[in-house]
Amino acid sequence: MESNIVLQYILSGITQGSIYAIVAIGFNIIYNTTGIINFAQGEFLVLGSMIAISLASFLPLALAVLIACLATTLVGAALELVFIRGLKKWSPVRVVTLFLLIFIIPFRSGLFDGFPFLANMVFCVLIAAPIAAGIEFLFKRFVKSTSNVLRMIIITIGISILMREVMLHVWDEKNRALPFFTGNEVSSIDIFGAMISPQVLWVLGVSAVIVVGLNLFFKFTLIGKAMLACSDNKTAASLCGINVKWMVTLSFMISAGIGALAGCVTSPLTQTQYNMGSTLAIKGFAVAVLGGLGNSTGAVVAGLMLGVLEAFAISIMPNAYIEAISIVILLVILFFKPSGLFGSAEASRLKEF
Amino acid sequence: MLARYKPLLIVLGIVVLIQLLLSLGGWEFFFTQLIMSAYYSLVVIGLTLLMGYAGQISLGHAGFFAIGGYTSALLTTIDLSGLWDKGTLSLLSSLFITMEQKDPYGNIIYSFSPWVAFVVAILIAVGVAFLIGIPVLRLKGHYLAMATLGFGIIIQTVLLGTTALGAADGISNVPDFTLVPGIQITDRMADRVMNYYIAWFFVLLGLFLIINLLNSRVGRALRSIHGNEEAANSLGINTSRYKLYTFVLSAVLAAAGGVFLTHYLGSIGPSEAGVIKSVRYVAIVAVGGMDNLFGTLLMGNLLNFLSLRGYFGTFDEAVFGIILIGIMLFAPKGILRIKGIKYLSSFIREKLAVFKREKEK
Amino acid sequence: MSGVILNVNNLNRSFGGLHAVDDVTLSVEEGLIKSIIGPNGAGKTTFFNLISGNIRPDSGHIHFYGKDITGLKPFQVAALGICRTFQNTRLFGHMTVMENIMVGRHLKSRSGFISSLLGLPGNIREEKSIRASVLSLLEELNLSGIKDELCINIPFGLQRKVEIARALAVEPELLMLDEPAAGLNIYETTELGQLIGKIRDRGVTVLLVEHDISLVMNISDEIMVLNQGKKLAEGKPKEIQKNEEVIKVYLGE
């Protein structure tokens, strides 16, 4: 193989791999504070880029991306508050989230399409509001807040289905993409003979910023340290006056936010479709496990490894099977070294499941 | 001793009742969906055994369903004329190993007979279940969930990427399955009622086996594993072996469902192996109450029937997502154990008992 | 004098830097009640887990009736005739008392997976004999009254007893009880002492880890004292009571 082609493969592998790493870090952040694997992690990327794509049609790109990330962060918080925390009190956030979720059904299914827009809206509100209130009552009265692993797995799977379906109904099944951040589809930069799109540099740059930023956050800020303390020992953390519940919400917000950002920078390259979240999630999980669940440095290394491996695999095996590579790696790692390549301290934690 | 089979009789009674109702009422078009959901029930009851009683989650059971369906579809549509000469083929046909049939263009071809295909499909499912189960069942919690999910995705990826298996189109023109002469799995309108009973016969057979298992030494061992694996182990129960056997059994039931449904519909596509399908099975088991065989049977058929009739419209997947979350948040023990329903059923039971007592007087 | 049932040689196990079991040697004679005592964190439960196969030792050997059982899995150890209970009872909460004890008959019955599936007649016959033997055990231990209760619904003292009954159903040669008196009141503890005595009289060797010193002194034939993973003393209850080092450990410096 010629050296510039090899370089080409490596670069495209690193690009893809850095996205996997971001997804894996998203898994890790939530896993560290809660012990939950959030099966809906991939959906955050898709949601972020979908929102950005819609906003970019009338806003400057940078602003669209910024708002999309903030919005997704809020969605992350809302999802945690509604579905994970299981509050037994009346919660405005939950009512609003539920209302919006239900509102979509009559609105997007065109139940009242014959009416003028305003009437349509009013009818939908009239339908959604009492239902949301009813469900809120159910929450107040009946929600069970014991957390066992099987239950959490199923809830986050449910969330991922729900997000996917909401995205299908809000947007549709078409492939969409954000415009290239600099240049366009055909512009390319020559790096030692390998031609790459400038967007690749954006992906690499943003990923690096996310990784470094998170590291600094966890090492040097009080909140970051508090979150780490939760991962170490929840009871001890709460005795130290750390509000563990809000740390959990915060962890969902951060993973949603970085997920959305990653989704936006890759959108021009990979395009965005409502149902790509689950593939991303399983690859991200493979990377998270490969790097040692909870270990974010490990996730970066593992992500890059998987990306490069996939890039080279394209040259030797049918395209259709590529998707399976990461899963085979995941299975192999799970069987032989579930603590991952770089995680040994986590090994003990495995037993708690 | 026969008390354990009483629920089977009740199920049979309901099945017959529904048939009479539909036939007399002229709603025969419902049979198609009832037959399909019966075959899906085979997956569901197997998964109930695995999840509810042995306590192991699987997000990959659609994979086994597809393994069954695809194996049988491939073997019964493959043209063997190139492999053996005509004499051998007609000899094999008289031994019921191969079968003569017309391909879509009207040419005569020889393929394996459905029974052979069925046996091969089950054997492959058993083999794959062992192969996957031995390493996977060492895992717990999220790891087990992700590993089984991965298994399902691999199956679907392979199906989508292999042209011999029809890639995205799947395999169609799968012949009818003649179980014994005169009784065949087919979607012919005239044989709808018969097929309804065939399908439910297989479900009852599956239930019969599982009830036997649950009421035995092995069933107790399984439930004890769910209760406390370490304690079960210290009583001499080889927990990993029992988990494995249960996994294999549930895989066999799923594969059998796949074989039958494929022959019934005459085709199978890669979506049958999809993650969505696997998640759906898990949702049904959760709604039914995990360790409640008849609860999952009831809810499974209800949901599958509604879904197959298209009553959920474009919100089909969303409905299952909502069900998953709702059940886990509000009624982790299944919908049939929600207080209101429990009161209602105990109320009915009480009244019945009173009624019985008075009758005896 | 009867033979040695359990022989433990130079057993070691550490967790990270902590030497939980440090070069412990022990032999248990058939038909006796042998107790292991020691302050909190002395490594008693770890020692138990090593014998029952729940944890693997770093080094050392365990012999049961002369057969090397080091590193066997718990179910294999159980199959050889060693059965244990747990510090915080581990009953199968959502099964009845009767069913719990029937699980204990697992090793004494044969039906396999396939024959169970098919519900073969031999299977059903076996099920009847399991039921009969469990019923007589329940009778013997005065548990018949609660046989159909779910285990999560019965009081703690009875849970302890049911767990011991379940272990007895296995018909072990060696019964290992991990702090059976923890959480019991004084009457229940006395009753437990009598029960353990009865078990020994049936010919079952008992290895006991216990905090309740008076119970241990009353019923044990021999006692081993562990401290910080090491064997501190071994002997008859009388000797242990007089041992200065033991007194020092228990009363503190």
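Readers should treat all values here as calculations from the given coordinates under stated rules, not as data from a laboratory. Predicted model, so just to flag it, every value in this text is computed and none were measured. Cβ coordinates were reconstructed from backbone atoms using ideal geometry, including for glycine residues, and neighbour counts include every protein chain displayed.
Some values worked out for this structure:
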item: Residue order, fewest to most surrounding Cβ atoms within 10 angstrom, among B:268, C:199; result: C:199, B:268
item: Nearest-ten-degree value, helix B:114-136 long axis tilted from longest Cα axis of chain B; result: 60 degrees
item: For chain C, calculated [θ]222 nm from helices alone, where every DSSP H run of n ≥ 4 adds -39500 (n - 2.57); result: -12000 deg cm²/dmol
item: Sum of -39500 (n - 2.57) over DSSP H runs of 4+, divided by residues of chain A (222 nm, nearest 500); result: -24500 deg cm²/dmol
item: Normalised contact order of the range C:97-162, rounded percent, pairs of Cα under 8 Å and 6 or more residues apart; result: 48 percent
item: Label-to-label distance, nm, for residues given as residue A:143 and residue A:100 (7 Å Cα→Cβ offset); result: 1.7 nm
item: Gyration tensor (alpha-carbon) shape descriptor, chain A, a/c threshold 1.5; result: oblate
item: Radius 14 Å from Cβ of residue C:74, net charge of other residues (Lys, Arg +1; Asp, Glu -1); result: +2
item: Those lysines that a straight Cα-Cα span of less than 23 Å connects to residue A:245, excepting residues fewer than 8 apart in one chain; result: A:88, A:89, A:140, A:144, A:219, A:225, A:234
item: Nearby lysines by direct alpha-carbon distance to residue C:108 (threshold 18 angstrom, same-chain neighbours under 8 apart not counted); result: C:128
item: Loop sites in the range B:164-262: trypsin sites (Lys or Arg not before Pro), DSSP, at most 15 other Cβ within 10 Å; result: B:188
item: Within a Gaussian network of chain B (alpha carbon springs, distance under 10 Å), most fluctuating of B:208, B:305, B:320; result: B:208
item: Filtered trypsin sites (Lys or Arg not before Pro), the range C:180-253: DSSP coil and at most 15 other beta carbons within 10 Å; result: C:202
item: Highest-fluctuation residue, B:118, B:96, B:64 considered, GNM on chain B with Cα pairs under 10 Å; result: B:96
item: DSSP beta bridge pairing in the protein assembly as shown, given as percent antiparallel to the nearest 5; result: 70 percent
item: For chain B, built as a Gaussian network whose Cα springs stay under 10 Å, the top-fluctuating residue of B:153, B:348, B:211; result: B:348
item: Global geometry of chain C, whether rounded, prolate or oblate, following the gyration tensor of its Cα atoms and the 1.5 cut on a/c; result: prolate
item: FRET efficiency, 1/(1 + (r/R0)^6) with R0 30 Å, evaluated for residue A:122 and residue A:63 via beta carbons; result: 0.45
item: Residue exposure sequence - A:274, B:105 - by fewest surrounding Cβ within 10 Å; result: B:105, A:274
item: Alpha-carbon centroid distance for the pair the range A:262-329 / the range C:80-124, whole angstrom; result: 45 Å
item: Under the span-like rule (Cα at least 24 Å along the axis, Kyte-Doolittle mean at least 1.0), DSSP H helices of chain A; result: A:61-79, A:92-109, A:117-142, A:149-170, A:198-220, A:244-270, A:296-316
item: Using a Förster distance of 60 Å, the FRET efficiency for residue B:86-residue A:151 (Cβ separation, nearest 0.05); result: 0.50
item: Segments A:48-56, A:125-133, B:170-178 sorted - mean Cβ within 10 Å per residue, highest first; result: A:48-56, B:170-178, A:125-133
item: Nonlocal amide H pairs with residue B:184, under 5 Å, H built at 1.01 Å; result: B:179
item: Helix C:121-140 axis, angle to chain C major axis (alpha carbon atoms, nearest 10°); result: 50 degrees
item: FRET efficiency, residue A:185 to residue B:180 (Cβ-Cβ, R0 51 Å, nearest 0.05); result: 0.25
item: Average other protein chain Cβ within 10 Å of Cβ, residues B:201-214; result: 2
item: Burial ranking of peptide ranges B:80-87, C:178-185 (average Cβ count within 10 Å, highest at the top); result: C:178-185, B:80-87
item: Proximal charge balance of residue B:134 [Cβ under 11 Å; K/R count +1, D/E count -1]; result: +3
item: Loop sites in the range A:135-225: trypsin sites (Lys or Arg not before Pro), DSSP, at most 10 other Cβ within 10 Å; result: A:174
item: Radius 13 Å from Cβ of residue B:238, net charge of other residues (Lys, Arg +1; Asp, Glu -1); result: +3
item: Residue-averaged beta-carbon neighbours from other chains (10 angstrom radius) around B:311-319; result: 4
item: Test item: A:155-167 mean partner chain Cβ contacts at 10 Å; result: 6
item: Between the range A:1-78 and the range C:1-41, the alpha-carbon center distance in angstrom; result: 55 Å
item: Shape category assigned to the range A:1-159 from the gyration tensor of Cα positions, a/c cut at 1.5; result: oblate
item: Spatially near lysine pairs across the range B:31-330, Cα under 27 Å, sequence gap of 8 or more or different chains; result: 4
item: Degrees between helix C:156-169 axis and first principal axis of chain C (Cα, 0 to 90, nearest 10); result: 80 degrees
